[in-house]
Amino acid sequence: MKIKKHGGKRRILLAGSIILFCTTVALVCVSLFVYRVHHIPSDETRDADIAALTQGNYEAVMLSMYTPESFSAEEFGYFLGIASVQAFHPFVNLADIGDYLEQSFSGNDDLSIVYIGLDPFAVSRLYGYHTSLYAKDYEKYLTEYVREHNNVEFKFLIPAYSMEYMRSLSDNEYTELIYSYRNLVNLYTIYDNVHIYFMGHEEWLIANSGNYASPTSCNASILRKTVAYTLQNDRYALTLDNMEERFDKMTELVQDTSITYPDLSGWCMVFFGDSVFEYNAGSRSVSGIVEGMSGAQVYNCSQGGIPATEDPRASLSFNRMVKRFLEQDISGLDDTLNFRLELTNYIQENHEGKRYCFVVNFGLNDYFGGHPVENSADRFDVGTYAGALRAGISTLKEAYPEAVIILLTPTYTSVFSGGTEINGDRGGVLTDYVEAATDVSQDMNVFCLNNYSDSGISADTHGIYLADGTHPNETGALLLGRCILDEMKKVIETLSL
């Protein structure tokens, strides 16, 4: 009986220890949870952000939960045209945002715009995806300010994650991502002074890994562009009426793995061309898309306004570009020229062991300038479009006999009656330059990409792909970048034969 009694005490003590341990663990977990979702950090950057609020009157504030250093304070103020303050520390939770808003509104009656890079999925994760919990804190730390200051415009920019990142999520995580975005729209579209912006359904943005500094954060150039879009108009406003369509579009893109791109990490690709290549900057450009989707080492040695034809009125031409490239000569070039900047990058970087590909795209400025298409007496006459192409390609082939050269025809343009008008005394219609480019590719035995007839940019679609009837917008740049990548697939197949 004594043994049994002693064993019973042990069991009671053990049970008590287990209860105490579980209680302690539960208290620790609760404490960690409360700390995570309500903790307001203190560091030099945040202290400076708070101090900036006391240095004068301002009409707009910008803060963000993701990569705030990538936002441009100058551009933010420029687009708004009012005095603005930007916070540079990354806001970690809703409590952090609420504290900053409290101090932003304190004693300042001039505040009219609050711009927040708000990440609903990050908020949802903080609360273990428990909607009822984070909904209460949205109310406490954000909604109260929206209601109390109904004369202030609140703009929320929610992040567009990279396709690569979204494909890495589990089905449950992806469902929670969409759910967190949908909840935000449902919570705030009832307020007239709240506008929510989202670009995650744009393929040109999420499909190109080059647009991202990390899988979850756009690079600085892209982030500034998205801010500009949201400040200029409501094209990317997310509403109850359009959100499901846009979420479905994003899901469709994420789930479609049928489109593949060649691995060009062993290639150095140099682009010579005009503003068709230069119009969109950085990772949004045609060359940037090729780089981001293939891993190629890319140099966009293009310059707006430049014809292939040798024209003394132009700062450069195709042949002068080639000559400077081969001689690595940037002397006398304006510091702001894209060609100079890219050639400088090329000179400074290492390309050892890379296979070369030159992508050549001229023709629209030759057409616009009324330059002669061809000189039948001198097929290498650089004073003509076709002759200049032949001469430049010949020089490249001599310097890089193993290089691949892809010659692009000019794309469709809606100006000059869709390219049907003749400019100058010796020019032709646009299709004359297109045909000349295809003829040159055959003469010089180089690959040809007929972007006039095969890219999909036409009289019927130019409004979708062109920003101004001539230059590609982001969707058009994606289209042209893909055309080049598809051509590179053919190139690789041909080389392997």
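Here are the numbers for the structure shown:
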read-out: Amide H within-cut-off set for Trp267, under 5 Å, with H built and near neighbours excluded; value: Gln297, Arg355
read-out: Where chymotrypsin sites (Phe, Trp or Tyr not before Pro) in DSSP loops with at most 15 other Cβ within 10 Å are excluded, longest remaining stretch of the chain; value: 1-190
read-out: Long-range amide H partners of Val194 with built H, under 5 Å; value: Phe154
read-out: The chain: C-alpha gyration tensor shape, a/c 1.5 cut-off, then a/b vs b/c; value: prolate
read-out: Restricting segment 253-356 to GluC sites (Glu not before Pro) in coil, as DSSP defines it, with at most 12 other Cβ within 10 Å; value: Glu349, Glu352
read-out: Table column - 3J(HN,Hα) (Hz), segment 125-131, Karplus curve with 6.51, -1.76, 1.60, x for Gly and Pro; value: 4, 4, 9, x, 6, 8, 4
read-out: For Val85, residues with placed amide H under 5 Å, excluding near neighbours; value: Ala60, Val61, Met62
read-out: Mean separation of Cα contacts under 8 Å, 6 or more apart, over the residue count of segment 346-443: relative contact order %; value: 35 percent
read-out: Estimated vicinal HN-Hα couplings, Hz - segment 269-284 in sequence order (Karplus 6.51, -1.76, 1.60; Gly, Pro = x); value: 10, 10, 9, 10, x, 10, 6, 4, 8, 8, 4, 8, 8, x, 6, 7
read-out: Solvent-accessible area, 1.4 Å probe, carbon plus sulfur percent, for segment 40-170; value: 47 percent
read-out: Unsatisfied cross-links (Cα-Cα over 25 Å) in the set Lys323/Lys490; Lys323/Lys354; Lys136/Lys249; Lys397/Lys490; value: Lys323/Lys490; Lys136/Lys249
read-out: CD proxy at 222 nm, helix term only [per DSSP H run n ≥ 4: -39500 (n - 2.57); per residue of the chain; nearest 500]; value: -14500 deg cm²/dmol
read-out: Where segment 256-354 is the region considered: accessible area per residue in Å², 1.4 Å probe; value: 41 Å²
read-out: The chain - percent relative contact order, Cα under 8 Å, separation 6 or more; value: 10 percent
read-out: Solvent accessible area, Å² - Arg340, 1.4 Å probe, full protein context; value: 50 Å²
read-out: For segment 405-446 and segment 237-275, distance of Cα centres in Å; value: 29 Å
read-out: HN-Hα J in Hz across segment 37-44 - Karplus 6.51, -1.76, 1.60, θ = phi - 60°, x for Gly and Pro; value: 8, 10, 5, 10, x, 9, 8, 4
read-out: Surface accessible to a 1.4 Å probe, His195 within the full protein complex, Å²; value: 50 Å²
read-out: Net charge dipole size for segment 218-367 [Lys, Arg +1 and Asp, Glu -1 on Cβ; Debye, nearest 20]; value: 280 debye
read-out: Viscosity 0.890 mPa s, 25 °C: Kirkwood-radius Stokes-Einstein D of segment 79-238 over Cα pairs, µm²/s; value: 148 µm²/s
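The values are calculated or read from the model by the stated rules, or taken from the named source; none is laboratory data. For clarity, every value in this text was computed on a predicted model and none was experimentally measured. Cβ atoms come from the backbone with ideal geometry, glycine included; neighbour counts cover every protein chain shown. Heavy atoms of the whole protein, side chains included, go into the accessibility calculation; ligands, DNA and RNA do not. Shrake-Rupley method; radii C 1.70, N 1.55, O 1.52, S 1.80 Å.
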